[in-house]
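This report concerns only the one structure given below.
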Amino acid sequence: VTGSEVGRTTVKRASERGRYDMAAITSILAAGLIAHVGVIASDGTPVVIPMGYALDGESVLIHGSVASRLMRAKSQVCVTVTILDGLVVARSLFNSSMNYRSVVVLGVPEVLVGDAKLAALLRLSDALLPGRVGHARAPSEQEVRATTVWRLPLDEASAKVRTGPPIDEEEDLDLPYWAGVIPLRMLCGEPERDEACTDRAVPDDVRAVTANINLRGGFRREL
Ligand SMILES: Cc1cc2nc3c(=O)[nH]c(=O)nc-3n(C[C@H](O)[C@H](O)[C@H](O)COP(=O)(O)OP(=O)(O)OC[C@H]3O[C@@H](n4cnc5c(N)ncnc54)[C@H](O)[C@@H]3O)c2cc1C
């Protein structure tokens, strides 16, 4: 339990969909690619910015330019990850919905330095392009210096999950409208070669990236 069940991350609407155990939270974070990172900027403006992220043990890692307004914020942040699993088509518009898995993490991030920062950057690469480390140039000292890396522990985190068919009103069940779920999945297309790349064949490590992402998105490896 993350300790969030009774805190400011308690799910209120449809509270039965709330999950607070670490396994539920980390399994969702392991499946996603994009986080929406919210901060209050120094001028008081709330900003929510999309960013890649990595799950690392019981923490989330975020990286960005040292010059970025977001990465310079030294305050509470909110990191939200959403995976859309389906459109729920009910007999009424009101009860139509979405199937999803989402996580909200609150806290003050630790800014990583030294070996921990480099390890976190490699972990981020591996989360966003699984298996690519070792098949591309490693970051230079200058590139590491130009990047800020945050570690945000999952101490204050909640998940919310909706699965299953539409939940229609009893009196709507006989209406002559179709009802069900339209599944949605994250899926890699065929890799498109950069024009300046002389290697025409898609290498195994790039095939492995697509296979890994497709598995995360719920597709079998051979797709
Ligand atoms: C899928 C995805 C993954 C990304 N991953 C990363 C990542 O891992 N690390 C990283 O640093 N950046 C990432 N970005 C880029 C990120 O969203 C920001 O654009 C970038 O960090 C902005 O930094 P900034 O300091 O220029 O702008 P900020 O000072 O943060 O923003 C200034 C203003 O620019 C506008 N703005 C900024 N970004 C966006 C945007 N994405 N869309 C529309 N308006 C915007 C907003 O109005 C904002 O108030 C990602 C973007 C996407 C869409």
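Based on protein heavy atoms only, the chain ends up with 59 Å² per residue of surface accessible to a 1.4 Å probe. Sites listed here are trypsin sites (Lys or Arg not before Pro) in region 169-217 whose DSSP assignment is loop and whose Cβ has at most 16 other Cβ atoms within 10 Å: 185, 193, 200. Per residue, the chain reaches -6000 deg cm²/dmol at 222 nm when only DSSP H runs of four or more residues are counted, each adding -39500 (n - 2.57). Antiparallel beta bridges, as assigned by DSSP with both residues in the chain, represent about 100 percent of the total such bridges.
Among 12, 160, 74, the order of accessible area from largest down is 74, 12, 160, computed with a 1.4 Å probe on protein heavy atoms. Charged neighbours of residue 31, selected by a Cβ distance under 12 Å, balance to +2 (K, R count +1; D, E count -1). Taken one residue at a time, the phi angles of region 36-47 give Karplus couplings (6.51, -1.76, 1.60, θ = phi - 60°) of 9, 9, x, 9, 9, 5, 4, 8, x, 6, x, 10 Hz. Gly and Pro are set to x.
Spatially, region 29-91 and region 145-223 are offset by 17 Å when compared through their Cα centroids.
By accessible area, using a 1.4 Å probe on protein heavy atoms only, the chain has 57% of its surface on carbon and sulfur.
The values are calculated or read from the model by the stated rules, or taken from the named source; none is laboratory data. Every value quoted in this text rests on a predicted model; they were computed, and no experiment measured them. All Cβ positions, even for glycine, are placed from backbone atoms using ideal geometry, and neighbour counts span all protein chains on display. These accessible areas exclude ligands, DNA and RNA; they are computed on the full protein's heavy atoms, side chains included. Shrake-Rupley method; radii C 1.70, N 1.55, O 1.52, S 1.80 Å.
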